[in-house]
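We did not get these values from a lab; they are worked out from the coordinates using the rules stated. Source: prediction; values computed, not measured. Don't worry about glycine lacking a Cβ; one is built from the backbone with ideal geometry, like all the others, and counts go over all protein chains shown.
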Amino acid sequence: MYSLKFDINVCQTCPTGDCLVKCQYLHLDRDTAVAEMVKIGKGEDSFVLNDCVTCYACEEYCRRGNHPFYLITEQRQEKRILTAPRAITRQWINIGEPQGKYRLGEVNKRALSFGFMPEFLSWVEGRLFEDVMPSYIFGQEFFCNVVYIHFAETNIIKERLPRVIDNFRKLGVREVIFLHDECYGAFAHLAPAYGIEVPFKPIHYYEYLYRRLTELKDLIRPLNIRAAYQRPCSSRLSSDQHHFVRDIMELIGVHLVERTYQDENALCCGGILGMNYGYDLAHEVQQRNIDDMKAHGAEACIFNCPACQSTLERLVAKQGIEPMHMIHLCRKAIGEM
Ligand code: SF4
Ligand code: SF4
């Protein structure tokens with residue numbers, strides 16, 4: 001079984017404790033943050049193991065190359081500290097179980113992965129994708145399974161991810177462009193953290209969209225709208241790709257409002273919070289987030305993750321803010337929608 005690369009000495013000499021000091025749900029000072037992380041690293045009890053709401057952000061906050069959230073998840077699993085009722089956890093585990101119902105396009109060396117997000121089957125069309133389509137991959141057999149870190153179930157990931165990688169290997173792909181942000185995080189961030197070899201180059205779809213928009217720049221009609229961006233938890237596993245949000249918006253004439261809960265300060269959409277930690281917390285976080293979009297004059301809310309979009313779209317629309325996925329925004333900019 002694969003094991004997490006985590007160096008407790010790095011925490012013991014940490015000057016900031018940024019992982020937990022910046023956590024938007026725990027509110028700790030530096031000394032407490034470092035002390036708790038060292039305890040968790042030693043396998044001791046810590047209140048953090050009960051109170052963390054699995055927003056993934058400390059994976060980004062730690063600038064010293066350790067993996068605080070993966071460690072918290074490992075230790076929760078070890079100590080059987082459940083983050084959700086067993087029935088819900090089991091239901092989610094079953095959702096990702098391969099069923100032999102995957103779909104493949106005409107797969108060649110470069111392919112688009114839709115993960116296990118059926119939305120992409122209808123969303124991915126038009127000129128932005130014409131240099132790769134119909135080379136696509138969809139289904140549980142190619143699903144990263146990273147969602148199970150919300151449920152303290154890293155064993156499921158460690159068991160399934162190598163099988164998923166093997167399925168990609170059998171297709172002979174050299175480059176895979178991931179439209180599911182979390183799948184990209186799985187292959188570019190989580191797999192290396194566990195020493196799992198990835199035999200292809202993972203590419204984030206934001207990098208791909210940016211390049212395609214640049215190639216199609218003669219078609220771009222600046223949209224001239226003010227937008228808020230809803231950053232998903234999974235984006236904390238690919239923070240080096242986050243700059244593409246601004247890069248793309250600048251290219252297509254979208255003004256990204258400078259609001260409180262963006263970039264490093266982003267708030268969870270509330271989907272997992274409601275399911276695992278109760279609707280009071282989910283509603284409070286959603287309210288703060290949407291109030292912030294409104295207060296800064298956002299006309300649209302742009303989503304990366306289809307799951308965040310289905311959680312928040314009705315709520316933002318009720319406030320007169322148009323919900324839109326990044327793919328649709330980019331297609332609109334080149335006159336396709
Ligand atoms: S996980 Fe990173 S930020 Fe947190 S205490 Fe350790 S080294 Fe510091
Ligand atoms: S995952 Fe989020 S809630 Fe949990 S400790 Fe890290 S930053 Fe805090």
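Quick notes
- Pair list, Cβ < 7 Å and 6+ apart or interchain, from region 63-76 residues that are at negative phi and without any contact (Cβ under 8 Å) to a residue 40 or more places away in the chain to residues that are within 8 Å of ligand 1 (Cβ to nearest atom) and not in a helix (DSSP H, G or I): none
Yes/no per residue for (1) farther than 23 Å from PRO68 by Cβ; (2) of a type in the set (Val, Ile, Thr); (3) in a helix (DSSP H, G or I):
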| site | (1), (2), (3) |
| --- | --- |
| PRO202 | no, no, no |
| TYR206 | yes, no, yes |
| ARG212 | yes, no, yes |
| ARG226 | yes, no, no |
| SER235 | no, no, yes |
| VAL245 | yes, yes, yes |
| ILE248 | yes, yes, yes |
| TYR261 | no, no, no |
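- Count of region 9-24 residues which are surrounded by 15 or more Cβ atoms within 10 Å (Cβ to Cβ), closer than 30 Å to ARG160 by Cα and either more than 8 Å from ligand 1 (Cβ to nearest atom) or among the β-branched types (Val, Ile, Thr) (or both): 1
- Filter result (surrounded by fewer than 22 Cβ atoms within 10 Å (Cβ to Cβ), touching a Leu at 6+ places or on another chain (Cβ under 9 Å) and in contact (Cβ under 8 Å) with a residue 60 or more places away in the chain) within region 288-305: ASP292, ALA300
- Those helices (runs of 4 or more DSSP H) of region 1-94 in which at least 3 residues are more than 10 Å from ligand 2 (Cβ to nearest atom) and more than 17 Å from ALA152 (Cβ to Cβ), considering only elements entirely within it, cover 8-12, 30-41.
- Residue in region 84-99 that is out of contact with any Cys (no Cβ under 6 Å at 6 or more places or on another chain), of a type outside the set (Phe, Trp, Tyr) and under 24 Å from ARG174 (Cα atoms) present: yes
- Entry remark, region 52-86: residues being small (Gly, Ala, Ser) and surrounded by fewer than 21 Cβ atoms within 10 Å (Cβ to Cβ) number 2 in total.
- Looking only at residues of region 250-259 that are of a type outside the set (Lys, Arg) and outside any helix (DSSP H, G or I), we find that the one that is nearest to LEU209 (Cα to Cα) is ILE252.
- Residue count for region 95-109, restricted to those that are in a loop (DSSP other than H, G, I, E, B) and surrounded by 15 or more Cβ atoms within 10 Å (Cβ to Cβ): 5
- Residues being in a helix (DSSP H, G or I) and surrounded by 22 or more Cβ atoms within 10 Å (Cβ to Cβ) - total across region 127-140: 2
- The combined condition, being within 22 Å of LEU4 (Cβ to Cβ) and not in a strand (DSSP E or B), is not fulfilled by LYS170.
- Any pair with Cβ under 8 angstrom, 6 or more apart, that starts in region 16-45 at a residue that is over 18 Å from GLU264 (Cα atoms) and ends at one that is of a type in the set (Val, Ile, Thr) and near ligand 2 (Cβ under 9 Å from one of its atoms): GLU36/VAL48; MET37/VAL48; ILE40/VAL48; ILE40/ILE72
- The set of residues from region 55-94 being more than 16 Å from ligand 1 (Cβ to nearest atom) and either under 20 Å from ALA266 (Cα atoms) or out of contact with any helix residue (DSSP H, G or I) (no Cβ under 8 Å at 6 or more places or on another chain) (or both) comprises GLU78, ARG80, PRO85, ARG86, ALA87, ARG90, GLN91, ASN94.
- The residues listed here are CYS330, CYS269; of these, the one that is in a loop (DSSP other than H, G, I, E, B) and not basic (Lys, Arg) is CYS269.
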